[in-house]
Amino acid sequence: QVQLVESGGGLVQAGGSLRLSCAASGGTFSSYGMAWFRQAPGREREAVATISWSGGNTYYASSMKGRFTISRDNAKNTAYLQMNSLKPEDTALYYCAASRVGGISPSRHFYAYWGQGTQVTVSS
């Protein structure tokens, strides 16, 4: 059973930065496609960024391009999301997700495993 545990969320002022981490256990992390999603109150869960098993392919939602960077360290079974130039509209619960298929996809249905989420709050 794959388990994903997110960390690194918190309260930050607009323009600030946060680095989220997703630690995986119970599976073959190096073969999984990984992703970050977020969900704000009253809104649907949306893809933030995804990364292939090797890290060679990535996808970013348009509003995150240039501000967020997804990466992974297969030796540490951990995926990361570096978030810079944060805006109040980035406030949401951020989820890590993993897919047994090693590619990338912005669809939530592509991912079978989910963490519990870490809250990111950006104040204006």
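Residues that are in a loop (DSSP other than H, G, I, E, B), touching a residue at least 12 places away in the same chain (Cβ under 8 Å) and in contact with an Asp or Glu (Cβ under 6 Å, 6 or more places away or on another chain) occur in region 106-116; there is at least one. Only residues that are over 18 Å from S71 (Cα atoms) and open to solvent by 50 Å² or more (accessible area, probe 1.4 Å) were counted in region 106-120, giving 6.
Look at region 1-16: where a residue is closer than 18 Å to A79 by Cα and a partner is open to solvent by 60 Å² or more (accessible area, probe 1.4 Å) and among the basic types (K, R), sitting 6+ places away or on another chain with Cβ atoms under 8 Å, you get G8/R19. Looking across region 73-105, the residues that are open to solvent by less than 10 Å² (accessible area, probe 1.4 Å), assigned to a strand (DSSP E or B) and in contact (Cβ under 8 Å) with a residue 60 or more places away in the chain come down to L81, M83, Y94, C96, A97, A98, S99.
Would you tally the residues in region 44-69 being of a type outside the set (K, R) and open to solvent by 10 Å² or more (accessible area, probe 1.4 Å)?
Looking only at that region, the number is 16.
Considering only residues of region 24-39 that are farther than 13 Å from A112 by Cβ and of a type outside the set (S, T, N, Q), which is modelled with the lowest pLDDT? Per the stated criteria, the residue is F29.
The values are calculated or read from the model by the stated rules, or taken from the named source; none is laboratory data. Since the structure is predicted, the reported quantities are computational estimates derived from the model, not experimental observations. All Cβ positions, glycine included, derive from the backbone under ideal geometry; neighbour counts span all protein chains shown. Calculation scope for accessible area: heavy atoms of the full protein, side chains included, ligands and nucleic acids excluded. Shrake-Rupley method; radii C 1.70, N 1.55, O 1.52, S 1.80 Å.
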